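FYI, it's all coordinate maths here, none of it is from the lab. Just so we're clear, the structure is a prediction, and the values are computed from it rather than from any experiment. Glycine also receives a Cβ, built like all others from the backbone with ideal geometry; neighbour counts cover every protein chain displayed.
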């Protein structure tokens, strides 16, 4: 299946010059969304993962169904100040700004194999911050799965040594 057929490109969003890749149109088609999640789950199943981690918010809509399918834990990574218990934090740069992410300090046990999921791999800023959080807690990043990869932003180059799966690539 060509998943690109179900992704809408929005010009100049959220700012001029950005061609936003909108996965909500893919998710509005149940069978297509299921197949996308199934393909990402197949990648994850081969990695002997213990935990799926996804940054908010679209990482939740990707990671939760994968965790559910594999009967594994799901751990949310949220913007700083949004989690109720003690956290560890990481600052990072976005394609068009800066931000900070947090994870509960007890969310990952040392030695657990972790799959990081998100809708999009762009510059790698969000996923690098997520990797930093996982590894600070002693987790092993066993793989990463994305619906979309923007190869022209070279995010994969910033993730050297990690096992990466992308459903579609925009060059």
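Taking the simple approach of a point 7 Å from Cα along Cα-to-Cβ for both residue 10 and residue 136, what is their distance in nm?
Computed distance between label sites residue 10 and residue 136 equals 3.0 nm.
Of all beta bridges DSSP finds with both residues in region 3-170, what is the antiparallel percent, to the nearest 5?
In region 3-170, approximately 40 percent of DSSP beta bridges are antiparallel ones.
Quick check: residue separation of residue 19 and residue 1 times 0.36 nm, minus the Cα distance between them. What number comes out in nm?
Stretched out fully, the residue 19 to residue 1 stretch lengthens by 4.2 nm.
Could you list the square roots of 5 times each eigenvalue of the Cα gyration tensor of the chain, that is, the equivalent ellipsoid semi-axes, sorted largest first and rounded to whole Å?
24, 19, 14
Please give, to one decimal in nm, the separation of the simple spin-label points placed at residue 34 and residue 46, each 7 Å out from Cα toward the Cβ.
2.4
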